[in-house]
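What follows is a set of notes on a single structure, which appears directly below.
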Amino acid sequence: MTQIDHVLTAIDANQTDALARLFELMRIPSISTDPAYAGECDKAAQWLVNELNSIGFTASMRPTAGRPMVLAHAKAKRRDMPHVLFYGHYDVQPADPLELWTTPPFEPSLADLPTGKQIVGRGSADDKGQLMTFVEACRAFHQNGGLPCDVTILFEGEEETGSPSLPAFIAANKAELKADLMMVCDTNMWDRHTPAVTTMLRGLVLDEVVIKAASRDLHSGMYGGAAINPIRVLAKIIAGLHDSEGRVTLPGFYDGVTELPEDIAEQWRNLDFDPEAFLSEVGLSVPAGEKGRSVLEMIWSRPTCDINGIVGGYTQKGSKTVLPAQASAKFSFRLVGQQNPEKILEAFRAYVKAALPADCEAEFILHGASPALQLPFSSEALRRARRALQEEWGKEPVFGASGGSIPIVGAFKKDLNMDSLMIGFGLDEDRIHSPNEKYELSSFHKGARSWARILSALAAV
């Protein structure tokens, strides 16, 4: 038997103890957003430090301005092996509303359902159950000859509140955090039988525009027709942002946007995804984006421009014949590929300014800008992880994407130039952030086996 055979056998044999350890961690209410639970966050961090030290890591709890980080290192037995950084978070969302839980949120349990056994409790899927899949894989290697790669582990305690302490921590610990590859376990599978690798995260530009005209609100009977109405100006600006094909009209907007490789596009076309059901679930029926693009392309790999809110004039009950002095709107741009957030912002603001008539001015309020992230499809690490996942699950993994963002991934790419393998074993129906959060027992078991296979594959000569 090879080392990986022994490791997988150990994972299978230790499932009862592994589940008991997960339950122990889940019983700690490490709610990062509520200062009343700061001590519980410390307790969860220390619990992880103790566990990691017991399986061959040198681990410590690192203070921050908020909740502590857990940082741990372990070397492979062989020299010159790849160095990977694994990231997860030990903090959880509040359990409210408590009355909607069928079992106490911090008393984890197993539930038997027709689809199989499920781990129920706050943090089961987001992210304690996920991070412990990696810890259990490392434990099995520790028991069977040692890790095949050099491994650094970073567990943070503020992911659920936007990771406010993370930038300063990265800046202060760049040398200690630098690795060849980061691995993140905070995403989902395609379905309970099909693994997935999230290869793309869309970037984001958030900008607010305030159109100002008269020095005060005006009576529409006295000034209507003679005075410019900033709501009309704003409406015209918004209407001009898309053409009849659903494409964004800003000059240079599609610079850096590339087509999917044909094998990925073919895989997406063959996925068990029903666009009509996807839209009908929210009361819609017709895709509204770029014509000629599939719904999956629209939400995973195409850029967007959306208006997220409009304010102007009288908005209370009844009517008030007023010409407002100003009107505002909030815009968001989801970016893909190599789109440059600064250039998108510059093009948008130039477009707005060029559309202003006499007596109007625009004020801009930036709410954030970050680039898209994409693991190269030609990546050797991606190829090896794909093979390892297929060996474990018996199905080719889906190379999916996320319309949203994961802050840690962007931070490590920007500050340390590290690509990330985003592999998770959650499901869409795991009810993260909601009452009765759950995690499939099969995800916990096979997740640990998957990470063991991936580590072994990354280290293979």
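The values are calculated or read from the model by the stated rules, or taken from the named source; none is laboratory data. Model, not experiment: these values are computed from the prediction. Ideal geometry is used to build each Cβ from the backbone, glycine not excepted, and the neighbour counts take in all protein chains shown.
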- Return the only residue of Glu245, Glu266 being of a type in the set (Asp, Glu) and free of Cβ contacts under 8 Å to residues at least 12 places away in the same chain. Glu266
- Query: Out of all the residues in the range 107-118, which are part of a loop (DSSP other than H, G, I, E, B) and at pLDDT 95 or above?
  - Reply: Glu107, Pro108
- Message: Against the conditions (1) aromatic (Phe, Trp, Tyr); (2) surrounded by fewer than 20 Cβ atoms within 10 Å (Cβ to Cβ); (3) touching a Leu at 6+ places or on another chain (Cβ under 7 Å), where does Phe364 fall short? Just the number, please.
- Response: (3)
- Can you give me the number of residues within the range 106-146 that are farther than 17 Å from Leu71 by Cα and among the hydrophobic types (A, V, I, L, M, F, W, C)? 10
- Determine the pairs where a residue that is modelled with pLDDT under 95, located within the range 435-461, has a partner that is surrounded by fewer than 24 Cβ atoms within 10 Å (Cβ to Cβ) with Cβ atoms under 8 Å apart, the partner being 6 or more residues away or on another chain. Ala460/Arg384
- Message: I'd like to verify a number: residues in the range 414-442 that are of a type in the set (D, E, K, R) and either in contact with a Phe, Trp or Tyr (Cβ under 6 Å, 6 or more places away or on another chain) or crowded, with 17+ Cβ neighbours inside 10 Å (or both), how many?
- Response: 5
- Item | Yes/no for Gln338 being at pLDDT below 95 and either small (Gly, Ala, Ser) or under 31 Å from the mean Cα position of the chain (by Cα) (or both) | yes
- Among (1) within 26 Å of the chain's Cα centre (by Cα); (2) not in a loop (DSSP other than H, G, I, E, B), the one test that Ile4 misses: (1)
- Which ones in the range 419-434 are touching a helix residue (DSSP H, G or I) at 6+ places or on another chain (Cβ under 6 Å) and over 16 Å from Arg449 (Cα atoms)? Ser420, Leu421
- Filtering the range 119-151 down to residues that are part of a strand (DSSP E or B) and either basic (Lys, Arg) or in contact with a Phe, Trp or Tyr (Cβ under 7 Å, 6 or more places away or on another chain) (or both), which residue is surrounded by the most Cβ atoms within 10 Å (Cβ to Cβ)? Val151
- Message: Any residue in the range 203-226 that is closer than 30 Å to Ile406 by Cα and among the charged types (D, E, K, R) sitting within a Cβ distance under 8 Å of a residue that is at pLDDT 95 or above and not in a strand (DSSP E or B)? List the pairs, counting only those 6 or more apart or interchain.
- Response: Asp207/Leu345; Asp207/Phe348; Asp207/Arg349
- Note on the structure: Considering only strands (runs of 3 or more DSSP E) wholly within the range 47-96, the ones with at least 1 residues that are among the β-branched types (Val, Ile, Thr) and closer than 20 Å to Glu160 by Cα are 69-74
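The rows are residues; the columns are (1) β-branched (Val, Ile, Thr); (2) surrounded by 16 or more Cβ atoms within 10 Å (Cβ to Cβ).
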| site | (1), (2) |
| --- | --- |
| Asn14 | no, yes |
| Leu19 | no, yes |
| Leu25 | no, yes |
| Thr33 | yes, no |
| Gly39 | no, no |
| Leu52 | no, yes |
| Phe57 | no, yes |
- Kindly check whether there is at least one residue in the range 373-380 that is within 14 Å of the chain's Cα centre (by Cα) and in contact (Cβ under 8 Å) with a residue 12 or more places away in the chain. yes
- Test for Ser280: is it surrounded by 11 or more Cβ atoms within 10 Å (Cβ to Cβ), closer than 27 Å to Glu396 by Cβ and of a type in the set (S, T, N, Q): no
- What about Asp430, is it in the same structural domain as Val151 (by TED's automatic domain parsing), among the acidic types (Asp, Glu) and closer than 26 Å to Met81 by Cβ? no
- Answer residue from the range 254-275, given it is in a helix (DSSP H, G or I) and over 23 Å from the mean Cα position of the chain (by Cα) and is surrounded by the fewest Cβ atoms within 10 Å (Cβ to Cβ) among those: Glu262
- Message: The conditions are (1) within 17 Å of Thr199 (Cβ to Cβ); (2) crowded, with 16+ Cβ neighbours inside 10 Å; (3) at pLDDT below 95, and Ala411 fails exactly one of them. Which is it?
- Response: (1)
- Item | Filter result for Glu107 (among the acidic types (Asp, Glu), in contact with a His (Cβ under 6 Å, 6 or more places away or on another chain) and more than 18 Å from Ser443 (Cβ to Cβ)) | no
